[in-house]
Amino acid sequence: MTAINIFDKISELEKGLGRLSEVQKVFLFTDGSVTALLDVLYGKTEIKVLEQKIIKADDKVAQCLQINENDEVNHRIVLIHNNNVPLICAESYTPLERLDENFKKELIASEVAIGRILKMQNIEMRREVLSVSIDNGESVKEIFKNDGLLLNRTYKIINGGKILIWIKEIFSQHIC
């Protein structure tokens, strides 16, 4: 999957959803830390790990991460919130063989956002947005207490020319 054209995608989203706010556009297309943006806009955010397990990569995950099928991957679903107001639900896949021990320990053992771990570990990387879209939020209905359409995006974090992490974020209606 290749990077998307931001301006074309904004136009396409606005045709289906109506005008996006500047804040929504920034969150959808930033190539920086979403957690840092949330902290600036809403105050210090917290992470709640909803699910985390080591899995064997199936064909789809292997293709997304450019690894071999059956390689070990950390699969993690987290909720980023502020004062128990849900802001983002994020799902990530991280190939364990590409992590140093300190990063792996932080990722698996703590409730720390990936962006914060990258900063603490002083890892040079870049983010590449792969897609932005609208969906019915079926997977997060109970978390967000929402029956409407929700914005989401997928992106990859690249380090040393290899995909370090693949992430899908679903944005709460509270981000406006």
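The values are calculated or read from the model by the stated rules, or taken from the named source; none is laboratory data. From a predicted model like this one, the values you see are computed outputs, not experimental measurements. Please note: Cβ atoms are built from the backbone with ideal geometry, for glycine as well, and neighbour counts cover all protein chains shown. Please note that ligands, DNA and RNA were not included when accessible areas were found on the heavy atoms of the full protein model with its side chains. Shrake-Rupley method; radii C 1.70, N 1.55, O 1.52, S 1.80 Å.
Tabulated data for the structure shown
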{"quantity": "Pairs, first modelled with pLDDT under 80 in region 3-23, second polar (S, T, N, Q) and open to solvent by less than 50 Å² (accessible area, probe 1.4 Å), C-beta under 8 Å, six or more apart", "calculated": "Ile4/Ser131"}
{"quantity": "Failed criterion for Glu91 (all others in (1) within 14 Å of Ile165 (Cβ to Cβ); (2) outside any strand (DSSP E or B) hold)", "calculated": "(2)"}
{"quantity": "Contacts under 9 angstrom Cβ, first residue in region 78-107 being without any contact (Cβ under 8 Å) to a residue 40 or more places away in the chain and within 10 Å of Ile47 (Cα to Cα), partner assigned to a strand (DSSP E or B) and of a type in the set (S, T, N, Q), 6 or more apart", "calculated": "Val78/Gln52; Val78/Ser92"}
{"quantity": "Residue check, Ser11 open to solvent by 30 Å² or more (accessible area, probe 1.4 Å), small (Gly, Ala, Ser) and farther than 22 Å from Glu124 by Cβ", "calculated": "yes"}
{"quantity": "Options Asn83, Asn68; residue that is more than 19 Å from the chain's Cα centre (by Cα) and at pLDDT 95 or above", "calculated": "Asn68"}
{"quantity": "Residue ID - most open to solvent (accessible area, probe 1.4 Å), chosen from residues in region 44-65 that are of a type in the set (S, T, N, Q) and within 16 Å of the chain's Cα centre (by Cα)", "calculated": "Gln52"}
{"quantity": "Check on Asn122, of a type in the set (S, T, N, Q), touching a residue at least 24 places away in the same chain (Cβ under 8 Å) and either over 24 Å from Lys60 (Cβ atoms) or assigned to a loop (DSSP other than H, G, I, E, B) (or both)", "calculated": "no"}
{"quantity": "Checking Asp31 against (1) in contact (Cβ under 8 Å) with a residue 40 or more places away in the chain; (2) open to solvent by less than 50 Å² (accessible area, probe 1.4 Å), the condition it does not meet", "calculated": "(2)"}
{"quantity": "Single residue of region 102-132 satisfying the filter (modelled with pLDDT of 80 or more, surrounded by fewer than 16 Cβ atoms within 10 Å (Cβ to Cβ) and among the small types (Gly, Ala, Ser)) that is farthest from Arg19 (Cα to Cα)", "calculated": "Ala109"}
{"quantity": "Single condition Leu17 does not satisfy, out of (1) open to solvent by 40 Å² or more (accessible area, probe 1.4 Å); (2) touching a Pro at 6+ places or on another chain (Cβ under 8 Å)", "calculated": "(2)"}
